[in-house]
Amino acid sequence: MNFDIHDFHWIREPERFTMTDDKVEIITKPHTDLWQRTYYHFRNDNAPVLQVETNEKYFSFVVKTEFESKHRFDQCGVVMYLDSENWLKGSIEYENEQFQHLGSVVTNNGYSDWATTAIDANIKSMWYRFSRREDDYCVECSTDGVNFSQMRICHMWHGDGTIRFGIYACSPENSSFKATFTNMAMTECKWLAHDGQKPDEE
């Protein structure tokens, strides 16, 4: 599939960034985040997002992230941001010198969830693959860009038409770090159709 970084557009352009044909670097601004309501009962919607629009129903998007995160909740990764109350993201969030959270957030109709697993704090690079099959989505991760592991399958209630997806980086607390995105590509859908239990008859 055709891929051109210049087709991507900012939602909340960061103050400090560089963008070339094959690399995007973002210097995060303190107190930037994406989160809606659940558990914490606050709403944050000011993280910079770089996205492209598509009505393709079946595709995968791959990106490699490298990050110099060092403060709690520093994060960068892949995102599909439809509007402030409907989006998903996959990323690594720094926690402390021992571990960080590899995880995903799905936000439907203004409520976020957060699914994570702990990984070593020394990991400073991760690949993500974001795949679409109509209004269902899959986020995967990889340490080598070849072998991907499933992080999340989800349904997006407002994800059945034209969507926007791409990359993001933010620092929810009083921090700033450099996030680098490379090896971005769109391909045919790598998330294969389910071949197990048949769908229920309507």
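The values are calculated or read from the model by the stated rules, or taken from the named source; none is laboratory data. The structure presented is a predicted model; accordingly, all values stated were derived computationally and were not measured. Glycine gets a Cβ as well: all are built from the backbone with ideal geometry, and neighbour counts include every protein chain shown. When the accessible area is computed, the model is the full protein with side chains, heavy atoms only, and any ligands, DNA or RNA have been set aside. Shrake-Rupley method; radii C 1.70, N 1.55, O 1.52, S 1.80 Å.
For the reader, a short list of remarks on this structure follows.
- A simple spin-label model places the labels of Thr18 and Asn122 2.9 nm from each other, with each point 7 Å out along Cα-to-Cβ.
- Computed with a 1.4 Å probe over protein heavy atoms only, the accessible surface of the chain comes to 51 Å² per residue.
- Electrostatic bookkeeping for Gly161 treats Lys and Arg as +1 and Asp and Glu as -1; over the other residues with beta carbon under 12 Å from its beta carbon, the sum is -2.
- The range 1-159: relative contact order in percent, alpha carbon pairs under 8 Å with at least 6 residues between: 17
- Shape analysis of the range 119-200 yields a ratio of the Cα radius of gyration to the Kirkwood radius, Rg/Rh, of 1.01.
- Carbon and sulfur %, accessible surface of the range 58-113 computed with the full protein complex present, 1.4 Å: 45
- Anisotropy class of the chain from Cα gyration tensor, a/c 1.5 cut: rounded
- Global geometry of the range 73-146, whether rounded, prolate or oblate, following the gyration tensor of its Cα atoms and the 1.5 cut on a/c: oblate
- Simple rule: put +1 on each Lys or Arg Cβ and -1 on each Asp or Glu Cβ in the range 101-189, find the dipole, and look at Thr180, Val105, Tyr137; the Cα lying farthest toward the positive end is Thr180.
- In the complete set of protein chains, residue-level accessible area for Ser149 is approximately 70 Å², probe 1.4 angstrom.
- Prolate/oblate/rounded call for the range 47-86, Cα gyration tensor, a/c under 1.5 rounded: oblate
- Rounded FRET efficiency, nearest 0.05, which uses the C-beta distance separating Glu201 from His158 and R0 of 25 Å: 0.40
- Positive minus negative residues near Glu140 (Lys, Arg vs Asp, Glu; Cβ under 9 Å): +3
- Net charge over other residues, Cβ less than 13 angstrom from the Cβ of Gln36 (K, R count +1; D, E count -1): -2
- Segment Asn109-Tyr39, extension gain: residue separation times 0.36 nm, minus the distance between their alpha carbons: 23.7 nm
- Rh by Kirkwood over Cα pairs, then Stokes-Einstein D for the range 22-133 at 0.890 mPa s and 25 °C, µm²/s: 165
- Among the listed pairs Lys23/Lys190; Lys29/Lys124; Lys23/Lys70; Lys70/Lys190; Lys29/Lys190; Lys29/Lys57, those beyond 27 Å (Cα-Cα): Lys70/Lys190; Lys29/Lys190; Lys29/Lys57
- Placing unit charges on each Cβ (+1 for Lys and Arg, -1 for Asp and Glu) gives the range 1-74 a dipole about its Cα centre, and among Phe61, Trp10, Leu34 the Cα reaching farthest toward its positive end belongs to Leu34.
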